[in-house]
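Beneath this line is the structure, given in structure tokens, with notes to follow.
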Amino acid sequence: AQSVAQPEDQVNVAEGNPLTVKCTYSVSGNPYLFWYVQYPNRGLQFLLKYITGDNLVKGSYGFEAEFNKSQTSFHLKKPSALVSDSALYFCAVSSGEGDDKIIFGKGTRLHILP
Amino acid sequence: DVKVTQSSRYLVKRTGEKVFLECVQDMDHENMFWYRQDPGLGLRLIYFSYDVKMKEKGDIPEGYSVSREKKERFSLILESASTNQTSMYLCASSLKPGPGSREQYFGPGTRLTVT
């Protein structure tokens, strides 16, 4: 069965510092991995995805994520945090074996401190 | 840009009422999904649909039903609303799987309160 773990409920980072939001996954076969962001009272917005190819994936708003197959991780990163990055972030995984469903993690709330 | 719209942003209903939540997408996506989002529980899949008139149960279908009569529209129905169905409801759509096409696009959500 597919699963996603986001080990941190909340991450606090000072503005201008690099940020990392952690994600590990379990899936049979090759994974499709995603990051989404949710601002208050809004739906989820797609940030980036890993399907195949380079392990470092670049996405919207300066975010990137690193796929690590041996550690089954897909951590979200940004070199310099902005206050406007404060939001709820979801990691998600889909199996590459025909199932259209995506399994979401429980989310990590990111606070960027001015 | 993909646009997914939901009929209401906020809704207040009484226990026992029948509730309809509507979702429309304008990008000719085959797949549509209904989730509920609760603090600490993340997103949980209620129902999804791969095509018109087709539906599949998700992880928490009890107390809900769905209808997909047209490709662009996917309705979630609470047959008899209960207070434990108070939640944020999110609709999403996606293309049929192919290289790079699995990401889902979400509507703004409907915050339903059942009193």
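The values are calculated or read from the model by the stated rules, or taken from the named source; none is laboratory data. Keep in mind the model is a prediction, meaning the values are calculated, not measured. All Cβ positions, even for glycine, are placed from backbone atoms using ideal geometry, and neighbour counts span all protein chains on display. Please note that ligands, DNA and RNA were not included when accessible areas were found on the heavy atoms of the full protein model with its side chains. Shrake-Rupley method; radii C 1.70, N 1.55, O 1.52, S 1.80 Å.
Just a few scattered comments:
- Total buried accessible area between A and B, probe 1.4 Å, nearest 100: 1900 Å².
- Solvent exposure of segment A:50-114 as accessible area per residue, Å², 1.4 Å probe: 47
- Given R0 = 30 Å, the distance between the Cβ atoms of B:Lys3 and B:Thr113 translates into a calculated FRET efficiency of 0.70.
- Whole-percent P(r), the protein assembly as shown, all Cα pairs, 5 Å bins from 0: 1, 7, 14, 18, 19, 16, 12, 7, 4, 1, 0.
- Heavy atoms of B:Glu17 accessible to a 1.4 Å probe, total area in Å² rounded to 10: 70
- Per residue, chain B exposes 47 Å² of accessible surface when a 1.4 Å probe is rolled over the protein heavy atoms with every protein chain present.
- One quarter of the convex hull surface built on the alpha carbon atoms of segment B:4-114 amounts to 6.6 nm², the projected area averaged over directions.
- The GluC sites (Glu not before Pro) of segment A:38-114 meeting both criteria, a DSSP state outside H, G, I, E and B (loop) and at most 16 other C-beta atoms within 10 angstrom of the site's C-beta, are A:Glu97.
- Entries of A:Lys69/B:Lys55; A:Lys78/B:Lys3; B:Lys13/B:Lys70 with Cα pairs more than 29 Å apart: A:Lys69/B:Lys55
- Of the solvent-accessible surface of chain A, computed with a 1.4 Å probe and all protein chains present, 47% belongs to carbon and sulfur.
- In order through segment B:33-43: 3J(HN,Hα) via Karplus (6.51 cos²θ - 1.76 cosθ + 1.60), integer Hz, x for Gly, Pro: 9, 10, 10, 10, 10, 10, x, x, 10, x, 9
- Within segment B:22-115, trypsin sites (Lys or Arg not before Pro) in DSSP loop having at most 13 other beta-carbon neighbours inside 10 Å: B:Lys53
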